[in-house]
Amino acid sequence: MSREFSIEAFQARLATHFVGRRLLYHASLPSTQDVARKEAERGAAEGTTVLADEQTAGRGRLARGWVSPPGANLYFSVVLRPSAAHLRLLVMIWPLAICRAVEEVTSLSARVKWPNDVLVGSRKLAGVLIDSELGDSESDYAIAGIGINVNFDVSPHEEIRRTATSISTELGHEVAREELLAAVLGRFEELYEAARRGDPVHDAWKARLDTIGRSIRVRFGDSAEEGVAEDAGPDGALILRRSDGSRVRIEAGEVTLKG
Ligand code: BTN
(Lines give C-alpha, C1' and ligand atoms only; values in the text may rest on other atoms or scores of the structure.)
Protein backbone atom coordinates (compact mmCIF):
# COMPACT_ATOMS: atom_id res chain seq x y z
CA MET A 1 0.00 0.00 0.00
CA SER A 2 1.37 3.40 -0.87
CA ARG A 3 0.61 6.32 1.43
CA GLU A 4 1.23 10.00 0.85
CA PHE A 5 3.93 11.61 2.96
CA SER A 6 2.33 13.95 5.51
CA ILE A 7 4.41 17.05 6.18
CA GLU A 8 2.21 17.87 9.19
CA ALA A 9 2.82 14.43 10.75
CA PHE A 10 6.56 14.83 10.14
CA GLN A 11 6.70 18.31 11.64
CA ALA A 12 4.72 17.17 14.68
CA ARG A 13 7.42 14.54 15.34
CA LEU A 14 10.52 16.58 14.54
CA ALA A 15 12.44 17.55 17.67
CA THR A 16 15.59 19.10 16.18
CA HIS A 17 16.94 22.64 16.48
CA PHE A 18 17.95 23.12 12.86
CA VAL A 19 18.16 19.89 10.83
CA GLY A 20 14.97 19.49 8.80
CA ARG A 21 13.39 22.64 10.26
CA ARG A 22 13.26 23.98 6.71
CA LEU A 23 11.81 21.17 4.60
CA LEU A 24 11.41 21.47 0.85
CA TYR A 25 9.09 18.69 -0.24
CA HIS A 26 8.60 17.66 -3.87
CA ALA A 27 6.33 14.92 -5.20
CA SER A 28 8.90 14.06 -7.87
CA LEU A 29 12.43 15.21 -8.66
CA PRO A 30 15.25 13.88 -10.81
CA SER A 31 17.47 13.88 -7.67
CA THR A 32 17.19 15.66 -4.32
CA GLN A 33 20.99 16.17 -4.44
CA ASP A 34 20.72 18.69 -7.27
CA VAL A 35 18.00 20.78 -5.62
CA ALA A 36 19.87 20.78 -2.31
CA ARG A 37 23.07 21.85 -4.07
CA LYS A 38 21.26 24.81 -5.68
CA GLU A 39 19.82 25.74 -2.31
CA ALA A 40 23.28 25.58 -0.72
CA GLU A 41 24.74 27.76 -3.45
CA ARG A 42 21.98 30.29 -2.85
CA GLY A 43 23.01 30.45 0.80
CA ALA A 44 20.39 28.16 2.37
CA ALA A 45 20.70 27.68 6.12
CA GLU A 46 22.47 24.62 7.43
CA GLY A 47 19.97 21.81 7.99
CA THR A 48 17.77 22.72 5.02
CA THR A 49 16.35 19.39 3.84
CA VAL A 50 15.06 18.49 0.39
CA LEU A 51 12.70 15.51 0.37
CA ALA A 52 11.15 13.85 -2.66
CA ASP A 53 8.46 11.20 -2.75
CA GLU A 54 9.97 9.91 -6.00
CA GLN A 55 13.25 10.40 -7.86
CA THR A 56 13.49 9.84 -11.59
CA ALA A 57 17.30 9.94 -11.68
CA GLY A 58 18.33 8.99 -8.12
CA ARG A 59 22.08 8.60 -7.72
CA GLY A 60 24.12 6.22 -5.61
CA ARG A 61 27.84 6.08 -4.83
CA LEU A 62 30.33 4.97 -7.48
CA ALA A 63 28.20 6.34 -10.34
CA ARG A 64 25.38 3.91 -9.65
CA GLY A 65 21.66 4.70 -9.69
CA TRP A 66 19.34 4.61 -6.68
CA VAL A 67 15.97 2.90 -7.19
CA SER A 68 13.46 5.59 -6.14
CA PRO A 69 9.79 4.69 -6.80
CA PRO A 70 6.99 6.87 -5.35
CA GLY A 71 4.96 6.30 -2.18
CA ALA A 72 7.41 3.91 -0.57
CA ASN A 73 10.75 5.13 0.68
CA LEU A 74 12.72 8.10 1.99
CA TYR A 75 14.92 10.09 -0.39
CA PHE A 76 16.34 13.28 1.08
CA SER A 77 19.35 15.58 0.95
CA VAL A 78 20.51 17.81 3.78
CA VAL A 79 22.53 21.02 3.33
CA LEU A 80 25.44 21.08 5.79
CA ARG A 81 28.27 23.53 6.32
CA PRO A 82 30.91 21.52 8.19
CA SER A 83 34.56 22.37 8.72
CA ALA A 84 36.98 20.14 6.79
CA ALA A 85 37.56 18.09 9.96
CA HIS A 86 33.86 17.55 10.52
CA LEU A 87 33.24 16.78 6.85
CA ARG A 88 35.25 13.55 7.28
CA LEU A 89 33.03 12.57 10.18
CA LEU A 90 29.82 12.76 8.16
CA VAL A 91 30.51 9.34 6.61
CA MET A 92 30.39 7.90 10.12
CA ILE A 93 27.67 10.06 11.65
CA TRP A 94 25.00 9.47 9.00
CA PRO A 95 25.00 5.65 8.99
CA LEU A 96 25.16 5.66 12.78
CA ALA A 97 22.18 8.03 12.97
CA ILE A 98 20.21 5.83 10.56
CA CYS A 99 21.00 2.69 12.60
CA ARG A 100 19.89 4.37 15.84
CA ALA A 101 16.70 5.73 14.27
CA VAL A 102 15.76 2.38 12.71
CA GLU A 103 16.24 0.71 16.09
CA GLU A 104 14.19 3.41 17.82
CA VAL A 105 11.24 3.17 15.43
CA THR A 106 11.30 -0.60 14.75
CA SER A 107 12.37 -3.83 16.43
CA LEU A 108 15.14 -4.34 13.86
CA SER A 109 18.90 -4.31 14.49
CA ALA A 110 20.99 -2.41 11.99
CA ARG A 111 24.72 -2.56 11.22
CA VAL A 112 27.09 -0.58 9.03
CA LYS A 113 28.86 -1.98 6.01
CA TRP A 114 32.05 0.02 5.47
CA PRO A 115 32.12 2.82 4.71
CA ASN A 116 28.52 3.95 5.07
CA ASP A 117 25.87 1.47 3.96
CA VAL A 118 23.27 0.45 6.51
CA LEU A 119 22.50 -3.26 6.63
CA VAL A 120 19.78 -5.36 8.18
CA GLY A 121 21.16 -8.87 8.30
CA SER A 122 23.35 -9.05 5.22
CA ARG A 123 21.15 -6.85 3.03
CA LYS A 124 21.34 -3.15 2.33
CA LEU A 125 18.61 -1.02 3.85
CA ALA A 126 20.01 2.46 3.32
CA GLY A 127 22.79 4.34 1.57
CA VAL A 128 24.56 7.65 2.10
CA LEU A 129 26.05 9.86 -0.61
CA ILE A 130 28.08 12.89 0.42
CA ASP A 131 28.89 15.55 -2.16
CA SER A 132 31.04 18.39 -0.98
CA GLU A 133 32.29 21.72 -2.13
CA LEU A 134 34.76 22.79 0.52
CA GLY A 135 37.29 25.55 0.00
CA ASP A 136 37.84 28.68 2.03
CA SER A 137 34.79 30.65 1.08
CA GLU A 138 31.59 31.38 2.92
CA SER A 139 29.62 29.39 0.39
CA ASP A 140 31.23 26.07 1.31
CA TYR A 141 28.83 23.23 1.80
CA ALA A 142 28.33 19.50 1.88
CA ILE A 143 25.18 17.78 0.68
CA ALA A 144 24.33 14.55 2.48
CA GLY A 145 21.96 12.44 0.38
CA ILE A 146 20.20 9.61 2.14
CA GLY A 147 18.07 6.84 0.67
CA ILE A 148 16.23 4.44 3.01
CA ASN A 149 14.09 1.55 1.79
CA VAL A 150 11.01 1.75 3.97
CA ASN A 151 7.71 0.34 2.64
CA PHE A 152 9.10 -1.30 -0.42
CA ASP A 153 9.17 -4.66 -2.16
CA VAL A 154 12.62 -5.03 -3.71
CA SER A 155 11.77 -8.27 -5.54
CA PRO A 156 10.61 -6.74 -8.88
CA HIS A 157 13.84 -4.73 -9.10
CA GLU A 158 16.38 -7.02 -10.76
CA GLU A 159 19.39 -4.79 -10.01
CA ILE A 160 18.91 -4.84 -6.21
CA ARG A 161 16.70 -7.82 -5.39
CA ARG A 162 19.56 -10.06 -4.27
CA THR A 163 21.35 -7.47 -2.17
CA ALA A 164 18.77 -5.01 -0.79
CA THR A 165 15.95 -5.11 1.72
CA SER A 166 13.41 -2.73 3.24
CA ILE A 167 11.88 -2.16 6.65
CA SER A 168 8.51 -3.58 5.58
CA THR A 169 10.18 -6.68 4.12
CA GLU A 170 12.03 -7.30 7.38
CA LEU A 171 9.11 -6.53 9.70
CA GLY A 172 6.20 -7.87 7.65
CA HIS A 173 4.35 -4.56 8.04
CA GLU A 174 4.74 -0.94 7.01
CA VAL A 175 6.03 1.89 9.17
CA ALA A 176 5.31 5.62 9.05
CA ARG A 177 7.93 7.34 6.91
CA GLU A 178 7.27 10.60 8.77
CA GLU A 179 8.27 9.07 12.12
CA LEU A 180 11.39 7.47 10.68
CA LEU A 181 12.54 10.67 8.95
CA ALA A 182 12.04 12.72 12.13
CA ALA A 183 14.03 10.12 14.09
CA VAL A 184 16.91 9.99 11.56
CA LEU A 185 17.24 13.79 11.50
CA GLY A 186 17.04 13.89 15.31
CA ARG A 187 19.75 11.27 15.83
CA PHE A 188 21.89 12.94 13.15
CA GLU A 189 21.66 16.36 14.78
CA GLU A 190 22.62 14.92 18.18
CA LEU A 191 25.70 13.19 16.77
CA TYR A 192 26.72 16.15 14.60
CA GLU A 193 26.41 18.61 17.49
CA ALA A 194 28.34 16.25 19.75
CA ALA A 195 31.09 15.89 17.13
CA ARG A 196 31.31 19.68 16.83
CA ARG A 197 31.76 19.88 20.60
CA GLY A 198 34.65 17.44 20.22
CA ASP A 199 32.99 14.17 21.30
CA PRO A 200 34.47 11.18 19.47
CA VAL A 201 32.16 9.41 17.02
CA HIS A 202 34.64 6.88 15.72
CA ASP A 203 34.22 4.23 18.44
CA ALA A 204 30.43 4.12 18.12
CA TRP A 205 30.69 3.84 14.32
CA LYS A 206 33.37 1.14 14.54
CA ALA A 207 31.30 -0.85 17.03
CA ARG A 208 28.53 -1.01 14.40
CA LEU A 209 30.83 -2.06 11.54
CA ASP A 210 29.86 -5.42 10.18
CA THR A 211 32.97 -5.52 8.01
CA ILE A 212 35.69 -5.90 10.69
CA GLY A 213 37.11 -9.41 10.95
CA ARG A 214 35.68 -10.52 7.62
CA SER A 215 37.42 -11.82 4.53
CA ILE A 216 36.62 -9.27 1.90
CA ARG A 217 37.40 -7.89 -1.52
CA VAL A 218 37.42 -4.10 -1.89
CA ARG A 219 37.15 -2.50 -5.29
CA PHE A 220 38.21 1.11 -5.80
CA GLY A 221 38.54 2.66 -9.23
CA ASP A 222 40.13 0.07 -11.49
CA SER A 223 41.91 -1.67 -8.61
CA ALA A 224 40.94 -4.22 -6.01
CA GLU A 225 42.44 -5.61 -2.83
CA GLU A 226 41.62 -8.78 -0.95
CA GLY A 227 42.25 -9.72 2.64
CA VAL A 228 40.84 -9.59 6.13
CA ALA A 229 39.34 -6.28 7.28
CA GLU A 230 41.36 -5.66 10.40
CA ASP A 231 40.42 -2.21 11.59
CA ALA A 232 38.91 1.13 10.64
CA GLY A 233 40.98 4.20 11.48
CA PRO A 234 39.72 7.44 13.08
CA ASP A 235 39.59 9.00 9.61
CA GLY A 236 37.24 6.23 8.43
CA ALA A 237 39.85 4.40 6.33
CA LEU A 238 39.72 0.61 6.28
CA ILE A 239 42.84 -1.35 7.24
CA LEU A 240 43.09 -4.59 5.29
CA ARG A 241 45.55 -7.41 6.03
CA ARG A 242 46.57 -9.16 2.80
CA SER A 243 47.29 -12.91 2.71
CA ASP A 244 51.07 -12.18 2.67
CA GLY A 245 50.66 -10.42 6.03
CA SER A 246 51.16 -6.88 4.72
CA ARG A 247 48.65 -4.19 5.57
CA VAL A 248 47.00 -1.70 3.26
CA ARG A 249 44.93 1.37 4.05
CA ILE A 250 41.88 1.99 1.85
CA GLU A 251 40.00 5.28 1.93
CA ALA A 252 36.93 4.45 -0.14
CA GLY A 253 35.60 1.57 -2.15
CA GLU A 254 33.01 -1.15 -2.52
CA VAL A 255 33.23 -4.17 -0.23
CA THR A 256 32.09 -7.67 -1.11
CA LEU A 257 32.36 -10.55 1.31
CA LYS A 258 34.43 -13.56 0.33
CA GLY A 259 33.74 -17.13 1.27
C1 BTN B 1 24.62 4.63 -2.04
O2 BTN B 1 25.06 4.33 -3.15
O3 BTN B 1 24.55 3.79 -1.14
C4 BTN B 1 24.13 6.02 -1.75
C5 BTN B 1 22.67 6.19 -2.11
C6 BTN B 1 22.16 7.60 -1.87
C7 BTN B 1 20.74 7.77 -2.38
C8 BTN B 1 20.16 9.06 -1.97
S9 BTN B 1 18.42 9.17 -2.24
C10 BTN B 1 18.45 10.87 -1.87
C11 BTN B 1 19.70 11.44 -2.53
N12 BTN B 1 19.42 11.77 -3.92
C13 BTN B 1 20.11 11.01 -4.75
O14 BTN B 1 20.05 11.09 -6.00
N15 BTN B 1 20.88 10.15 -4.08
C16 BTN B 1 20.74 10.31 -2.64
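The values are calculated or read from the model by the stated rules, or taken from the named source; none is laboratory data. All values derive from a computational prediction rather than experimental measurement. Here the Cβ is made from the backbone with ideal geometry for all residues, glycine too, and neighbour counts use every protein chain on show. These area figures cover heavy atoms from the full protein model, side chains too; ligands, DNA and RNA do not enter into them. Shrake-Rupley method; radii C 1.70, N 1.55, O 1.52, S 1.80 Å.
Along the charge dipole of the chain, which of Gly236, Ala144, Tyr75 sits closest to the positive end, that is, farthest toward it, with unit charges on the beta carbon of Lys, Arg, Asp and Glu (+1, +1, -1, -1)?
Sorting the options by dipole projection puts first Gly236.
Could you pull out every residue, at least 5 positions away or on a different chain, whose amide H is within less than 5 Å of the one on Leu24? Hs are placed 1.01 Å off N in the peptide plane, and Pro or chain starts have none.
Hits under the 5 Å cutoff: Thr49, Val50, Leu51.
Per residue, what accessible area does segment 127-259 have, given a 1.4 Å probe and all protein chains present, in Å²?
On the way: 6430 Å² over 133 residues.
Heavy-atom SASA per residue in segment 127-259 reads 48 Å².
Mind checking the full-extension length gain between Arg21 and Thr163? Use 0.36 nm per residue of separation minus the Cα-Cα distance, one decimal, nm. Could you put the intermediate results ahead of the total?
Working: separation 142, 0.36 × 142 = 51.12 nm, distance 3.35 nm.
Gain on stretching Arg21 to Thr163: 47.8 nm.
Run the reach check for Lys124 against lysines, Cα to Cα strictly under 28 Å, same-chain hits fewer than 8 apart removed. What comes back?
Within the straight-line limit of under 28 Å, Lys124 reaches these lysines: Lys113, Lys206, Lys258.
How many Å³ per residue does the convex hull of the Cα positions in segment 8-89 occupy? Present the calculation step by step, with values, prior to reporting the outcome.
Values: hull volume 9.7 nm³, N = 82.
Each residue corresponds to 118 Å³ of Cα convex hull volume.
Using only the Cα atoms of segment 70-197, each taken as one equal point scatterer with no solvent, compute I(q) by the Debye sum, divide by I(0), and report log10 of the ratio at q = 0.15, 0.16, 0.23 Å⁻¹.
With no solvent term, the Cα-only Debye profile gives -0.68, -0.77, -1.39.
Just round it to a whole percent: the fraction of Cα-Cα distances in segment 82-149 exceeding 13 Å.
Roughly 64 percent, once rounded to a whole number.
So what is Rg over Rh here for the chain, counting just Cα atoms and using Kirkwood for Rh?
That ratio is 0.95, to two decimals.
Determine Rg/Rh for segment 107-259; Rg is computed over alpha-carbon atoms and Rh is the Kirkwood hydrodynamic estimate from the same atoms.
0.99
As an exercise, find the ratio Rg/Rh for segment 185-259 from alpha-carbon atoms, using the Kirkwood inverse-distance average for Rh.
1.06
Select from segment 125-217 those trypsin sites (Lys or Arg not before Pro) which occupy a DSSP coil region and have at most 10 other Cβ atoms within 10 Å, ordered by residue number.
In loop regions of segment 125-217 (DSSP not H, G, I, E or B), the sparsely surrounded trypsin sites (Lys or Arg not before Pro) are Arg162, Arg197.
Given a 1.4 angstrom probe, what's the average accessible area per residue across segment 26-107, in square angstrom?
Result: 37 Å² per residue.
Taking a ≥ b ≥ c as the square roots of the Cα gyration tensor eigenvalues, with a/c under 1.5 meaning rounded and otherwise prolate when a/b beats b/c, else oblate, which class fits segment 42-108?
Because a/c hits 1.5 or more and a/b fails to exceed b/c, segment 42-108 counts as oblate.
To make sure I understand the rule: partners must be lysines, Cα under 19 Å from the Cα of Lys38, and not fewer than 8 residues away in the same chain. Which ones qualify?
none
Rounded, prolate or oblate: pick one for segment 125-191, where a ≥ b ≥ c are the square roots of the eigenvalues of its C-alpha gyration tensor, a/c under 1.5 means rounded, and failing that, prolate if a/b is larger than b/c, else oblate.
Oblate is the answer for segment 125-191, as a/c is 1.5 or above yet b/c matches or exceeds a/b.
Check which residues have an amide H placed less than 5 Å from Gly236's amide H, if you skip close sequence neighbours.
Here the answer is none, since no amide H 5 or more places off falls under 5 Å of that of Gly236.
At 222 nm, what value in deg cm²/dmol follows for the chain if DSSP H runs of at least 4 each add -39500 (n - 2.57) and the sum is divided by all its residues, to the nearest 500?
Calculated at 222 nm, the ellipticity per residue is -8500 deg cm²/dmol.
Given H placed on each backbone N at 1.01 Å, which residues far from Arg214 in sequence or on other chains put an amide H within less than 5 Å of it?
Ala229
Cα gyration tensor of segment 169-215, axes a ≥ b ≥ c as square roots of the eigenvalues: rounded (a/c below 1.5), prolate (a/b > b/c) or oblate?
Note, shape of segment 169-215 comes out oblate.
How large a share of the accessible area of the chain, in percent, is made up of carbon and sulfur atoms when the probe is 1.4 Å and the other protein chains stay in place?
Using a 1.4 Å probe with all protein chains present, the chain comes out at 47 percent carbon and sulfur.
Inverting the mean 1/r over all pairs of different Cα atoms, compute the Kirkwood radius of segment 1-144 and quote it in Å.
Averaging 1/r across every pair of different Cα atoms and inverting gives 16.0 Å.
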